[in-house]
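Rule-based calculations on the coordinates, nothing more; no lab input. What you see is a predicted model, and the numbers here were worked out from it, not measured in a lab. No Cβ is skipped: glycine too gets one built from the backbone with ideal geometry, and neighbour counts run over all protein chains shown.
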Amino acid sequence: MTIDSSILQNNAEQLARLESLELGPEDLKKNLGEDWTVSVALAHLAFWDRRAVGLLRQWDGEGRMPDSVHEDPLNDALLDEWLAIEPARSYELAVDAAHKVNAAVEALDGSKAKTLIETGNRFMLARGEHRREHLDQIEEALR
């Protein structure tokens with residue numbers, strides 16, 4: 001059994017989209033609303049992709065299903081840390097994390113991927129969907 005190719009394709013497409021961003025120092029400081037900047041959105045993407053890598057490793061290696069998490073309070077709690085990251089570094093972190101999670105998803109056994117989807121954990125595999133949401137925001141702010 002293999003992972004749904006549309007998930008893999010979307011992950012790859014959104015990674016390519018992320019990598020194609022040409023962001024100068026002022027672009028990274030652009031306001032996205034609610035105290036978020038382009039840099040914060042990139043740090044946010046890096047965090048959630050790295051979290052997915054860790055959860056996929058636990059699931060694949062130990063068979064431990066991921067714990068649920070309430071995203072909004074976690075995002076609020078991490079905002080100050082994300083603001084403290086050097087803006088150019090947030091881009092590097094986002095690209096690196098996207099590569100790592102895409103590789104982890106591609107390496108995952110298809111039956112384990114199916115179980116994740118069936119148990120409501122599709123988000124761990126479909127990382128491109130999350131990237132798309134924030135890349136849309138970033139591209140809108142840069143227009």
>> Taking a ≥ b ≥ c as the square roots of the Cα gyration tensor eigenvalues, with a/c under 1.5 meaning rounded and otherwise prolate when a/b beats b/c, else oblate, which class fits segment 29-116?
In response: prolate
> With the contact rule set at Cα under 8 Å and sequence spacing of 6 or more, what percent relative contact order holds for segment 5-142?
Replying inline: 44 percent
> Residue separation times 0.36 nm, minus the C-alpha to C-alpha distance between S111 and R89: what's the value?
Replying inline: 4.3 nm
> Can you list the residues, at least 5 places off or on another chain, whose amide H is less than 5 Å from the amide H of K30, using H built in the peptide plane?
Replying inline: V38, S39
> If you build a Gaussian network model of the chain, linking Cα atoms that sit under 10 Å apart, which residue out of V40, V69, V95 swings the most?
Replying inline: V69
> Between rounded, prolate and oblate, where does segment 51-98 land on the alpha carbon gyration tensor, with a ≥ b ≥ c its root eigenvalues, rounded for a/c under 1.5, else prolate if a/b exceeds b/c?
Replying inline: oblate
> By the gyration tensor of its Cα atoms, with a ≥ b ≥ c the square roots of the eigenvalues, what is the shape of segment 67-129: rounded for a/c under 1.5, prolate for a/b over b/c, or oblate?
Replying inline: oblate
> R0 = 30 Å: FRET efficiency of K29 with S6, Cβ-based, nearest 0.05?
Replying inline: 0.30
